[in-house]
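Q: The structure is given below, and queries will be raised subsequently.
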Amino acid sequence: MAKILVIDDERSIRNTLKEILEFEKFEVVVAENGNEGIALIEQNEFDVILCDVKMPGKDGMEVLQEAMNLTEAPFIVISGHGNIELAVQAIKKGAFDYIAKPLDLNRLLITLRNALDKVNLVVETKKLRKKMTNKYKMVGESEPMLQLKKLIEKVGPTQARVFITGENGTGKELVARAIHESSDRAKAPFVEVNCAAIPSELIESQLFGHEKGSFTSAIKQRKGDFELATGGTLFLDEIGDMSLAAQAKVLRALQENKIVRVGGEKEIAVDVRIIAATNKNIKEEISKNMFREDLYHRLSVILIEVPPLRNRKTDISLLVHYFLEEIAEAQGKKKSEIAPEALQALVDKPWTGNIRELRNVVERLVILSGNRIELNDVEIYA
């Protein structure tokens, strides 16, 4: 039930609004002046605030200014016909909307519903941001992780290209995103391309885009990831699996900061920061002529190696508890407990699949072990 504060010095309007809104299943609190209204805002959480403009003592404009520092609740101004100009000024200063007197019931309810929709949208946006932040959070306080975080702090604010290496499941994407988020490109796009998942005949179209009719299925023009990432960061994951032909075109794009769509002739300027990653031994790939050495040198201004989980054993307990919380939140249930001996058994495992394997095992244990994970559960399911 939405909670609404009504601030108006006219008793008849207060009572009428309270009666109407309570009939519509809202919880209503009333205040007869600005000072009383501010006191209520300080002591309660309201979903919407309705406030008269003209009141003796502290008027609606003053209440609005103070309320903006106390709450995120939408502020709706109630104004007489002679106060419309003030109401418009109030909107410019942050009010959600205004309702003219005499009050129209339909207009009042529509405005309230719109304000509550805004509240719900803000709440959902915050949840999504929190979820995204948690999804890409780097967990760990071991010495290798502290060194990695310090390196990211140094590298992030620069425009330098970064080449990330590490085994499967170590969190190379997390490192790439952390670099992007700590750069001045953080508000621009972060575009990820999994070079291993895209067929070699389609990788050029994926990266550079294509013109309509350039090949059989090109029924319309398409921008490539270089264009989509302009102003931001392009993350070339598993670049060691990219074809030599595509490597040559990526090299040209990096040299000239320009691309040409497949089937096109026009050069298009691009401004992207490139972060590349691979789980392969890139020096061996170069020696076998599977990867261009000149491209490697273009990409590897900064080299970052992500440590495997076996080299940061002290982080495993932190990761297990982090995953337990994350899984509980996703499933809408209470966080599972884990017995100390069960936790130690997880710490002692080799984790050849690194963090990805650990995450999967923890989720399996949560599903199959009930509310408490015991040593026996780890021995059976891990």
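The values are calculated or read from the model by the stated rules, or taken from the named source; none is laboratory data. The structure displayed is predicted, hence computed values, not measured ones. For neighbour counting, all protein chains shown are included, and Cβ atoms are generated from backbone atoms with ideal geometry for every residue, glycine included.
Q: Among all residue pairs at least 6 apart or on different chains, which show Cβ distances below 6 Å where the first residue, located in the stretch 353-369, is within 14 Å of residue 328 (Cβ to Cβ) and the second is charged (D, E, K, R) and part of a helix (DSSP H, G or I)?
A: Close Cβ pairs satisfying both conditions: 365/377; 369/377.
Q: Yes or no: the stretch 298-320 includes at least one residue that is at pLDDT 95 or above, farther than 18 Å from residue 171 by Cα, part of a strand (DSSP E or B) and assigned by TED's automatic domain parsing to the domain that holds residue 197.
A: Taking every residue of the stretch 298-320 in turn, none turns out to be at pLDDT 95 or above, farther than 18 Å from residue 171 by Cα, part of a strand (DSSP E or B) and assigned by TED's automatic domain parsing to the domain that holds residue 197.
Q: Starting from residues that are touching a His at 6+ places or on another chain (Cβ under 7 Å) and in a loop (DSSP other than H, G, I, E, B), keep the ones in the stretch 238-265 and report whichever is farthest from residue 209 (Cα to Cα).
A: Applying the filter and picking the extreme gives 263.
Q: A follow-up question, please. I'd like to check something: does the stretch 206-226 contain any residue that is closer than 19 Å to residue 282 by Cβ, hydroxyl-bearing (Ser, Thr, Tyr) and crowded, with 16+ Cβ neighbours inside 10 Å?
A: No: zero hits.
Q: Quick check: is even one residue across the stretch 279-291 over 24 Å from residue 174 (Cβ atoms), surrounded by fewer than 19 Cβ atoms within 10 Å (Cβ to Cβ) and β-branched (Val, Ile, Thr)?
A: yes
Q: May I pose another question? Would you say residue 165 is touching an Asp or Glu at 6+ places or on another chain (Cβ under 9 Å), closer than 21 Å to residue 32 by Cα and modelled with pLDDT of 90 or more?
A: No.
Q: So how many residues does the stretch 67-99 have that are of a type outside the set (Ser, Thr, Tyr) and either crowded, with 17+ Cβ neighbours inside 10 Å or free of Cβ contacts under 8 Å to residues at least 12 places away in the same chain (or both)?
A: 20
Q: If we keep just the residues of the stretch 275-297 that are assigned to a helix (DSSP H, G or I) and touching a helix residue (DSSP H, G or I) at 6+ places or on another chain (Cβ under 7 Å), which is farthest from residue 338 (Cα to Cα)?
A: 294
Q: So which of 21, 5, 64 ends up being in contact with a helix residue (DSSP H, G or I) (Cβ under 7 Å, 6 or more places away or on another chain), at pLDDT 90 or above and part of a helix (DSSP H, G or I)?
A: Of the residues listed, the single one that is in contact with a helix residue (DSSP H, G or I) (Cβ under 7 Å, 6 or more places away or on another chain), at pLDDT 90 or above and part of a helix (DSSP H, G or I) is 64.
Q: Go through the stretch 299-318 and give me each residue that's surrounded by 20 or more Cβ atoms within 10 Å (Cβ to Cβ) and of a type in the set (A, V, I, L, M).
A: Listed by number, the residues that qualify are 299, 304, 306, 309, 316.
Q: Considering 215, 226, which residue is part of a loop (DSSP other than H, G, I, E, B), touching a residue at least 12 places away in the same chain (Cβ under 8 Å) and within 21 Å of residue 264 (Cα to Cα)?
A: None of the others qualify; the one that does is 215.
Q: Can residue 211 be described as among the acidic types (Asp, Glu) and either in contact with a helix residue (DSSP H, G or I) (Cβ under 7 Å, 6 or more places away or on another chain) or in the same structural domain as residue 353 (by TED's automatic domain parsing) (or both)?
A: Working: among the acidic types (Asp, Glu): yes; either in contact with a helix residue (DSSP H, G or I) (Cβ under 7 Å, 6 or more places away or on another chain) or in the same structural domain as residue 353 (by TED's automatic domain parsing) (or both): no.
So residue 211 does not fit the description; no.
Q: Quick one: residue 148 ticks every box in (1) surrounded by 17 or more Cβ atoms within 10 Å (Cβ to Cβ); (2) in contact with a strand residue (DSSP E or B) (Cβ under 9 Å, 6 or more places away or on another chain); (3) closer than 22 Å to residue 254 by Cα except a single one, so which number is it?
A: Against the list (1) surrounded by 17 or more Cβ atoms within 10 Å (Cβ to Cβ); (2) in contact with a strand residue (DSSP E or B) (Cβ under 9 Å, 6 or more places away or on another chain); (3) closer than 22 Å to residue 254 by Cα, residue 148 comes up short only on (3).
Q: Let me ask you something else. Take the residues of the stretch 158-182 that are touching a strand residue (DSSP E or B) at 6+ places or on another chain (Cβ under 7 Å) and in a loop (DSSP other than H, G, I, E, B): which is nearest to residue 294 (Cα to Cα)?
A: 161
Q: Assess whether residue 294 counts as being out of contact with any Pro (no Cβ under 7 Å at 6 or more places or on another chain), in contact (Cβ under 8 Å) with a residue 24 or more places away in the chain and crowded, with 16+ Cβ neighbours inside 10 Å.
A: On the way: out of contact with any Pro (no Cβ under 7 Å at 6 or more places or on another chain): yes; in contact (Cβ under 8 Å) with a residue 24 or more places away in the chain: yes; crowded, with 16+ Cβ neighbours inside 10 Å: no.
Criteria not met by residue 294.
Q: Tell me which of these residue 328 doesn't satisfy, since it passes every other one: (1) closer than 30 Å to residue 382 by Cβ; (2) at pLDDT 95 or above.
A: Failed condition: (2).
Q: Yes or no: residue 30 within 34 Å of the chain's Cα centre (by Cα) and surrounded by 15 or more Cβ atoms within 10 Å (Cβ to Cβ)?
A: no
Q: Do we find a residue being in contact with a Phe, Trp or Tyr (Cβ under 6 Å, 6 or more places away or on another chain) and in the same structural domain as residue 114 (by TED's automatic domain parsing) anywhere in the stretch 35-55?
A: Yes - at least one qualifying residue is present in the stretch 35-55.
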